[in-house]
Amino acid sequence: MSVTDRCDFRCVYCMAEDMQFLHRQSILTLEELFQIAQQFVALGVQKIRLTGGEPLVRNGIVKLCGQIAALPGLRELCIST
């Protein structure tokens, strides 16, 4: 699940020279991301990976990780940075 399109590393392999980020209104809220995670797990998904441009720059990511990790049935929660 992508939690942001933003990153502060500006690596050339994923960032265009004239990178245009999404408007904040276009990015799912933490509550919406949690609801999606709940539905994934309810459908049998046992592993969720949080990613994005750089997921650790998203405000509230630690709380979201705790909420998702506590979902009954989820066996693994990963973060790609």
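The values are calculated or read from the model by the stated rules, or taken from the named source; none is laboratory data. Every value quoted in this text rests on a predicted model; they were computed, and no experiment measured them. Cβ coordinates were reconstructed from backbone atoms using ideal geometry, including for glycine residues, and neighbour counts include every protein chain displayed.
Things worth noting here:
- Here residue 3 passes the criteria (1) at pLDDT below 95; (2) of a type in the set (A, V, I, L, M); (3) surrounded by fewer than 16 Cβ atoms within 10 Å (Cβ to Cβ) except the one numbered (3).
- Tally, over region 68-81, of residues that are outside any loop (DSSP other than H, G, I, E, B) and either surrounded by 16 or more Cβ atoms within 10 Å (Cβ to Cβ) or among the β-branched types (Val, Ile, Thr) (or both): 3
- Selection of region 25-51 for residues being part of a loop (DSSP other than H, G, I, E, B) and in contact with a Lys or Arg (Cβ under 7 Å, 6 or more places away or on another chain) yields only 46.
- Considering residues of region 55-81 that are touching a strand residue (DSSP E or B) at 6+ places or on another chain (Cβ under 6 Å) and aliphatic (A, V, I, L, M) only, the residue modelled with the lowest pLDDT: 79
- Taken as a whole, the structure leaves residue 26 outside the set of residues that are of a type in the set (S, T, N, Q), surrounded by 14 or more Cβ atoms within 10 Å (Cβ to Cβ) and at pLDDT below 90.
- Residues (closer than 11 Å to residue 3 by Cα and either within 9 Å of the chain's Cα centre (by Cα) or surrounded by 11 or more Cβ atoms within 10 Å (Cβ to Cβ) (or both)) located in region 32-57: 33, 34, 49, 50, 51, 52, 53, 54, 55, 56, 57
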